[in-house]
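Written out below as structure tokens is the structure these notes cover.
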Amino acid sequence: MEGREIRINMPKPNKIIDKIRSRRSRHMQTHYKGDGVGVRGKNMDFLHDPKFVAAWDSMLEGNHGEFRNKKWFKGRVPDVRWRAHLNCWAAHSALKLDGDFVECGTATGFQAATVCNYLDFQNVDKSFFLFDTFAGIPVSDELTEKERTYAQKSNKNAYFDCYSAAEENFSPWSNVQLLRGILPGTLLDASINKIAYLHIDLNNASAEMETIQELWGCITAGAPIILDDYAFRGHEDQYAAWNKFSIKYEHPIFTLPTGQGLMIKR
Ligand SMILES: C[S@@+](CC[C@H](N)C(=O)[O-])C[C@H]1O[C@@H](n2cnc3c(N)ncnc32)[C@H](O)[C@@H]1O
């Protein structure tokens with residue numbers, strides 16, 4: 001081989017890097033990327049459904065305000081459209097079931113306001129009960145150490161006294177009721193007989209468990225129950241508590257890539 005020059009047709013280094021980058025960017029291309037979820041190559045017409053888009057956009061308008069100043073929101077409403085899609089679907093499916101709609105943990109109402117807009121709730125012959133302190137997670141002795149730290153952090157970085165903002169956001173719907181105070185005690189302030197749709201988003205296990213135990217008997221068979229934080233990393237106390245509940249009550253929970261859990265009451 002001596003004396004013979006071997007020429008390997010190597011692309012220039014920057015060309016190799018460009019190729020890797022373009023391959024990676026093709027691979028990373030997603031049709032939906034937000035809220036810790038990236039999806040590509042799927043039909044997702046719901047994202048462009050005019051009704052859903054209008055519902056989401058109109059919720060956005062009412063939810064700017066003070067969120068701009070809160071650290072965790074980085075000046076914007078998070079892109080939780082896939083979660084909102086599940087909530088709208090579940091609420092829509094529940095329209096023909098016996099009972100009212102209930103949300104435990106509303107704040108200014110990303111999810112509930114999207115649902116109300118989506119369903120033109122003023123024309124729905126049901127009430128929607130929204131329970132919250134409207135001022136953050138109560139730091140009680142019942143919280144675990146981890147939950148207490150989370151509550152203190154989130155009260156500082158995410159929540160604020162949002163009752164008047166919530167009142168304003170839900171003012172278009174006279175059949176929506178805001179119930180202010182600490183759950184589960186405030187459940188007594190509403191006349192709930194049957195529940196057709198339940199959304200639970202309290203970000204702490206003890207309050208969620210006490211609340212579901214009070215409400216369980218009122219939930220209509222076939223009603224969807226959405227657990228907003230179920231599979232989120234950092235919310236292991238809620239995950240463990242709901243899994244225990246699921247076994248005890250023999251109702252399986254479906255884990256969604258959004259982190260939500262979905263249960264159907266039998
Ligand atoms: C993540 S936020 C709810 C967000 C809301 N679902 C949305 O769509 O924007 C959790 C809410 O639960 C409320 N909360 C937590 N523990 C509570 C309790 N024991 N009683 C009443 N509200 C509580 C907090 O005030 C907070 O507004």
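Looking only at segment 61-94, how many residues end up being at negative phi, more than 14 Å from the ligand (Cβ to nearest atom) and either loosely packed, with under 13 Cβ neighbours inside 10 Å or modelled with pLDDT under 70 (or both)? So that I can check it myself, show each step before the final result.
Within segment 61-94, the first condition is being at negative phi, and the residues that meet it are 61-64, 66-73, 76-94.
Pick out the ones that are also more than 14 Å from the ligand (Cβ to nearest atom) and you get 61, 68-69, 71, 89, 92-94.
Those still in the list that are either loosely packed, with under 13 Cβ neighbours inside 10 Å or modelled with pLDDT under 70 (or both) too: 61, 68-69, 71.
So the count comes out to 4.
Please go through segment 164-185 and pick out each residue that is among the β-branched types (Val, Ile, Thr) and under 20 Å from ILE226 (Cβ atoms). Steps first, please.
Let us first name the residues in segment 164-185 that are among the β-branched types (Val, Ile, Thr), namely 176, 182.
Selection gives VAL176 alone.
Output the residues belonging to segment 95-115 that are farther than 16 Å from TRP173 by Cβ and away from the ligand (no atom under 13 Å from the Cβ). Give the derivation first.
Taking segment 95-115 as the starting set, the residues that turn out to be farther than 16 Å from TRP173 by Cβ are 96-99, 104-105, 107.
Those that are farther than 16 Å from TRP173 by Cβ and away from the ligand (no atom under 13 Å from the Cβ): LYS96, LEU97, ASP98, GLY99.
When you look at PHE160, is it in contact with a Lys or Arg (Cβ under 9 Å, 6 or more places away or on another chain) and either modelled with pLDDT under 95 or surrounded by fewer than 21 Cβ atoms within 10 Å (Cβ to Cβ) (or both), yes or no?
Values: in contact with a Lys or Arg (Cβ under 9 Å, 6 or more places away or on another chain): yes; either modelled with pLDDT under 95 or surrounded by fewer than 21 Cβ atoms within 10 Å (Cβ to Cβ) (or both): yes.
In short, yes.
Report the residue count in segment 224-244 for those that are in a helix (DSSP H, G or I), of a type in the set (A, V, I, L, M) and within 15 Å of CYS104 (Cα to Cα). Don't jump to the end; show me each part of the working.
Narrowing segment 224-244 to residues in a helix (DSSP H, G or I): 236-244.
Subsequent filtering for residues that are of a type in the set (A, V, I, L, M) retains 240-241.
Keeping just the survivors that are within 15 Å of CYS104 (Cα to Cα) gives none.
So the answer is 0.
Scan segment 182-192 residue by residue and report those that are more than 9 Å from the ligand (Cβ to nearest atom), outside any helix (DSSP H, G or I) and modelled with pLDDT of 95 or more.
Step one: of segment 182-192, the residues more than 9 Å from the ligand (Cβ to nearest atom) are 187-192.
Within this subset, residues satisfying the condition of being outside any helix (DSSP H, G or I) are 190-192.
ALA190, ILE192, listed by residue number.
Residue-wise test of (1) out of contact with any His (no Cβ under 7 Å at 6 or more places or on another chain); (2) polar (S, T, N, Q); (3) closer than 26 Å to ASN123 by Cα.
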site: GLU142; (1), (2), (3): yes, no, no
site: TYR150; (1), (2), (3): yes, no, no
site: ALA165; (1), (2), (3): yes, no, yes
site: SER174; (1), (2), (3): yes, yes, yes
site: ILE195; (1), (2), (3): yes, no, yes
site: GLU210; (1), (2), (3): yes, no, no
site: ILE225; (1), (2), (3): yes, no, yes
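Looking for whichever is surrounded by 16 or more Cβ atoms within 10 Å (Cβ to Cβ), of a type in the set (A, V, I, L, M) and either within 13 Å of the ligand (Cβ to nearest atom) or over 30 Å from ALA55 (Cα atoms) (or both) here; the options are ALA165, ALA196. Which one fits?
Numbers: ALA196 fails: either within 13 Å of the ligand (Cβ to nearest atom) or over 30 Å from ALA55 (Cα atoms) (or both).
Of the residues listed, the single one that is surrounded by 16 or more Cβ atoms within 10 Å (Cβ to Cβ), of a type in the set (A, V, I, L, M) and either within 13 Å of the ligand (Cβ to nearest atom) or over 30 Å from ALA55 (Cα atoms) (or both) is ALA165.
State which residue pairs qualify: first residue more than 12 Å from VAL102 (Cα to Cα) and inside segment 218-231, second residue aromatic (Phe, Trp, Tyr) in any location, beta carbons under 7 Å apart, and separation of 6 or more residues or different chains.
If the second residue must be aromatic (Phe, Trp, Tyr), the pairs left are LEU227/TRP242; TYR230/TYR239; TYR230/TRP242; ALA231/TYR239.
Report whether or not ALA135 is among the hydrophobic types (A, V, I, L, M, F, W, C) and within 9 Å of the ligand (Cβ to nearest atom). Talk me through it step by step, then tell me what you get.
Working: among the hydrophobic types (A, V, I, L, M, F, W, C): yes; within 9 Å of the ligand (Cβ to nearest atom): yes.
Answer is yes for this residue.
Give me a count of the residues in segment 142-155 that are out of contact with any Gly (no Cβ under 9 Å at 6 or more places or on another chain) and either in a helix (DSSP H, G or I) or small (Gly, Ala, Ser) (or both).
Of all residues in segment 142-155, those out of contact with any Gly (no Cβ under 9 Å at 6 or more places or on another chain) come to 142-145, 147-149, 152-153.
When the remaining residues are screened for being either in a helix (DSSP H, G or I) or small (Gly, Ala, Ser) (or both), the result is 145, 147-149, 152-153.
Residues meeting the conditions: 6.
Restricting to segment 116-132, and then to whatever is more than 8 Å from the ligand (Cβ to nearest atom) and within 17 Å of GLU167 (Cβ to Cβ), can you tell me which residue is surrounded by the fewest Cβ atoms within 10 Å (Cβ to Cβ)? Give the steps one after another, and end with the answer.
So the first thing to find is which residues in segment 116-132 are more than 8 Å from the ligand (Cβ to nearest atom), and the list is 116-130.
Filter once more, so that each one left must be within 17 Å of GLU167 (Cβ to Cβ): 116-117, 121-122, 127-130.
Working: CYS116: 27, ASN117: 21, PHE121: 22, GLN122: 11, SER127: 18, PHE128: 24, PHE129: 25, LEU130: 25.
Per the stated criteria, the residue is GLN122.
Of the residues that make up segment 193-211, is at least one among the aromatic types (Phe, Trp, Tyr), touching a residue at least 24 places away in the same chain (Cβ under 8 Å) and part of a loop (DSSP other than H, G, I, E, B)? Spell out how you get there, then give the answer.
Initial filter on segment 193-211 (among the aromatic types (Phe, Trp, Tyr)): 197.
If we keep only those that are touching a residue at least 24 places away in the same chain (Cβ under 8 Å) as well, we get 197.
So of that shortlist, the ones also part of a loop (DSSP other than H, G, I, E, B) come out as none.
Among the residues of segment 193-211, not one is among the aromatic types (Phe, Trp, Tyr), touching a residue at least 24 places away in the same chain (Cβ under 8 Å) and part of a loop (DSSP other than H, G, I, E, B), which makes the answer no.
The values are calculated or read from the model by the stated rules, or taken from the named source; none is laboratory data. The structure presented is a predicted model; accordingly, all values stated were derived computationally and were not measured. No Cβ is skipped: glycine too gets one built from the backbone with ideal geometry, and neighbour counts run over all protein chains shown.
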